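Below is one structure, written out as structure tokens; comments come after it.
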Amino acid sequence: MYDTADGQLNVTMVRPTDWPPFCEVIERSDLLEDSRFSTHAARGKSLDELYAVVRPVFKAKSTEWLARRFTERNIMNYKVNSYEEFLREEQVAATPSPGAAPSHSSEGRWSPDRSEASQHRLACLAHATTQPYLPVHRQTLLYADGDKSLLVVLQALDAAGKDGVIRHVFSGMNPQGTFVFGFKQPSNYEAAHDFLWRAHLRTPGKGEVVIFNRSYYEDVLVVRVHKLVGRSVWSKRYDLINSFEAMLALSGTTILKFFLHISPDEQLSRFKQRLDDPARQWKISE
């Protein structure tokens, strides 16, 4: 966030190509030739020097003047004219208090303290463009870097809470770069291909985050339990899955796999709760 002549403006550069138009807006095209700021990584290492150059420019311009020009060049920005208004922003209000999270000191350095929760949120979010604290900021860096991706695989028993995990854990992510895919019984078209085909179609591109709600592991679990294919088929799939994940890893995809476990008694209890809740009865298929 930057102080302007009449308020404050948050500017987020999420793409490597945002840097030239950013310099154009602040009328400092000479920064493009400065090796300290030539790449995203270089700017991250020279933040103090960069702020020393940029902040006086923002301070001399009105919020409306800056916002209009950043918007014209498709650079993400939004106006905030007071801390109270900032705290009312949807993303800020939805962010849980981080407890003893770091706060931003007047010297521009991070230091631990135990301020009020609203001050923690303000400090973390106001500087999300420069400090790797919030998930959405790390997601922005992932996208800006454009070299890596993240695949989260969730497996669980029925009623173990996969949907709830996705809602709660990923609600703070930018939906423009976060995708969720649920793997149910294959369609006829999907079944006409190899078992990994439909999963490969939905793996993340560079800079993206993808969550699999169930996954290709169903093809060594369900098919085995229900005897949909013979042992000679499913037994070979373990090595194929290992090779598939190794290929994704070599391509820059980090894979995080989670199994949500509940006891049979807890599962039965949750099924009963669904039957008693008209809003969730549709989840009971048998």
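For region 54-63, name all the residues that are out of contact with any helix residue (DSSP H, G or I) (no Cβ under 7 Å at 6 or more places or on another chain) and modelled with pLDDT of 90 or more.
Those that are out of contact with any helix residue (DSSP H, G or I) (no Cβ under 7 Å at 6 or more places or on another chain) and modelled with pLDDT of 90 or more: VAL54, ARG55, PRO56, VAL57, LYS59, ALA60, LYS61, SER62.
Look through ARG231, ARG237, ARG224 and report the one residue that is loosely packed, with under 11 Cβ neighbours inside 10 Å, more than 22 Å from ALA144 (Cα to Cα) and out of contact with any Ser or Thr (no Cβ under 7 Å at 6 or more places or on another chain).
Testing whether each residue is loosely packed, with under 11 Cβ neighbours inside 10 Å, more than 22 Å from ALA144 (Cα to Cα) and out of contact with any Ser or Thr (no Cβ under 7 Å at 6 or more places or on another chain) leaves just ARG231.
Report yes if THR178 is modelled with pLDDT of 90 or more and of a type in the set (S, T, N, Q), otherwise no.
Answer is yes for this residue.
So which residues in region 200-232 are closer than 13 Å to PHE244 by Cβ, among the hydrophobic types (A, V, I, L, M, F, W, C) and in contact (Cβ under 8 Å) with a residue 40 or more places away in the chain, if there are any at all?
Result: PHE212, single match.
Can you pull out the residues in region 9-29 that are among the polar types (S, T, N, Q) and either over 24 Å from the mean Cα position of the chain (by Cα) or modelled with pLDDT of 80 or more (or both)?
Of everything in region 9-29, those that are among the polar types (S, T, N, Q) and either over 24 Å from the mean Cα position of the chain (by Cα) or modelled with pLDDT of 80 or more (or both) turn out to be THR17, SER29.
Quick check, is ALA128 buried (at least 16 other Cβ atoms within 10 Å of the Cβ), touching a strand residue (DSSP E or B) at 6+ places or on another chain (Cβ under 7 Å), modelled with pLDDT under 50 and not in a strand (DSSP E or B)?
No; evaluated as a whole, the condition is false for this residue.
Looking at region 1-60 only, could you name the residues that are among the polar types (S, T, N, Q) and either touching an Asp or Glu at 6+ places or on another chain (Cβ under 8 Å) or farther than 14 Å from ASN77 by Cβ (or both)?
If the condition is that a residue be among the polar types (S, T, N, Q) and either touching an Asp or Glu at 6+ places or on another chain (Cβ under 8 Å) or farther than 14 Å from ASN77 by Cβ (or both), then THR17, SER29, SER35, SER38, THR39, SER46 are the ones that fit.
In region 30-42, which residues are part of a loop (DSSP other than H, G, I, E, B) and either modelled with pLDDT of 90 or more or in contact with a Cys (Cβ under 7 Å, 6 or more places away or on another chain) (or both)?
ASP34
Consider TRP234 carefully, then state whether it is among the aromatic types (Phe, Trp, Tyr) and more than 30 Å from the chain's Cα centre (by Cα).
Yes: the conditions hold for TRP234.
Restricting the search to region 162-190, which residues are surrounded by 12 or more Cβ atoms within 10 Å (Cβ to Cβ) and more than 20 Å from the chain's Cα centre (by Cα)?
Passing the criteria: PHE183, PRO186, GLU190.
Could you count how many residues in region 145-163 are out of contact with any Asp or Glu (no Cβ under 8 Å at 6 or more places or on another chain) and under 17 Å from GLY252 (Cβ atoms)?
7
The values are calculated or read from the model by the stated rules, or taken from the named source; none is laboratory data. It should be emphasised that the depicted structure is a prediction, and the values quoted were computed from it without experimental measurement. All Cβ positions, even for glycine, are placed from backbone atoms using ideal geometry, and neighbour counts span all protein chains on display.
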